[in-house]
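Have a look at the structure below, then the notes.
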Amino acid sequence: MSEPSVAFVATDSDPAQAALASLQERYGQVSPEDADVIVALGGDGYMLETLHAYLPLSKPVFGMHRGSVGFLMNSYEEKDLPARLAKADSVVLHPLKMTTIDNTGKESSELAINEVSMLRESRQAAKLRVSVNGRCRMEELVCDGALVCTPAGSTAYNLSVHGPVLPLGANLLAVTPISAFRPRRWRGAIIPDNAVIKFEVLEADKRPVSAVADRAEVRHVTEVTVREDRDISITLLFDPEHNLEERILAEQFLP
């Protein structure tokens, strides 16, 4: 069986660029369009950039940690890379589709692999109305913001604001408030991944809100709709002993 052709891509940090040069010398390099596998060198932020950049190619991505945070990355090791790729476990993810309407009436859409978040733009707290599948579930949430995350993204920003960790394959999404003021004790909700979540911004002129899908921001939104896009699949590769499902499970038992 022939070895897979690999496209190496890297963030611009010195460790990542040094790894890029070394791996290209050792294994060669093809373009991402011609590769069987894309190997991304960096941290979790760069992994998200890579997944977004090469999403139209539908190529599996194997990350190696050469950055600061490496939850989505495998350990960095140069030797036996073809064997690692051959034995790697694959995880298929579906992104969230964020559809926004801003204060001029303009509609736009972006994709998120980790989360869609709404954040206040000023000193004033945001006021949001939250609906699920066309039914209003919370008439007014006063907060710094709110987010919807996938299982893969549940250990990122969502966990930092005390949201739940979601196992892969659970077919769930988390809706988590960010510094909720009213209702003060609301900690969020866990909903089916086929649900449609809509946030309406109340008093949008007085309390402006931006919406962010991973790295793409839309400012002064008045309405944000979030749903999982099952028509798009993203394949991540992990060493069997460090697969993503095990990492998400282990995260729940950290002190």
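Since every read-out is calculated from the coordinates, none of them should be taken as a lab result. Small disclaimer: the values here were computed from a predicted structure and weren't measured. Positions of Cβ are backbone-derived with ideal geometry, glycine not excepted, and every protein chain shown enters the neighbour counts.
Under the √(5λ) rule applied to the eigenvalues of the Cα gyration tensor, what semi-axes describe the equivalent ellipsoid of the range 20-116? Give them in Å, descending.
Working: eigenvalues 188, 40, 31 Å².
One finds semi-axes of 31, 14, 13 Å for the range 20-116.
Can you find, among Gly70, Val161, Ala83, the residue sitting farthest towards the positive end of the charge dipole of the chain, where Lys and Arg contribute +1 and Asp and Glu -1 at Cβ? Value computed over the given set: Val161. Calculate the length of the line joining the C-alpha centroid of the range 169-203 to that of the range 209-255, in whole Å. About 15 Å separates the Cα centre of the range 169-203 from the one of the range 209-255.
So what does log10 I(q)/I(0) come out to for the range 80-236 at q = 0.09, 0.10, 0.21 Å⁻¹, using the Debye formula with one equal point on every Cα and no solvent? Cα-only, vacuum Debye calculation for the range 80-236: -0.29, -0.35, -1.38. Take every pair of alpha-carbon atoms less than 8 Å apart whose residues are at least six positions apart; their mean separation over the length of the range 157-255 yields a relative contact order of 23 percent. Under 21 Å of direct C-alpha separation, and excluding same-chain neighbours fewer than eight residues apart, Lys79 reaches these lysines: Lys87. Packing around the peptides 22-28, 236-242, taken as the average count of other Cβ atoms within 10 Å per residue, puts them in this order, highest first: 236-242, 22-28. For Lys106, a cut-off of 30 angstrom between C-alpha atoms picks up these lysines, skipping any fewer than 8 places away in its own chain: Lys97, Lys127, Lys198, Lys206.
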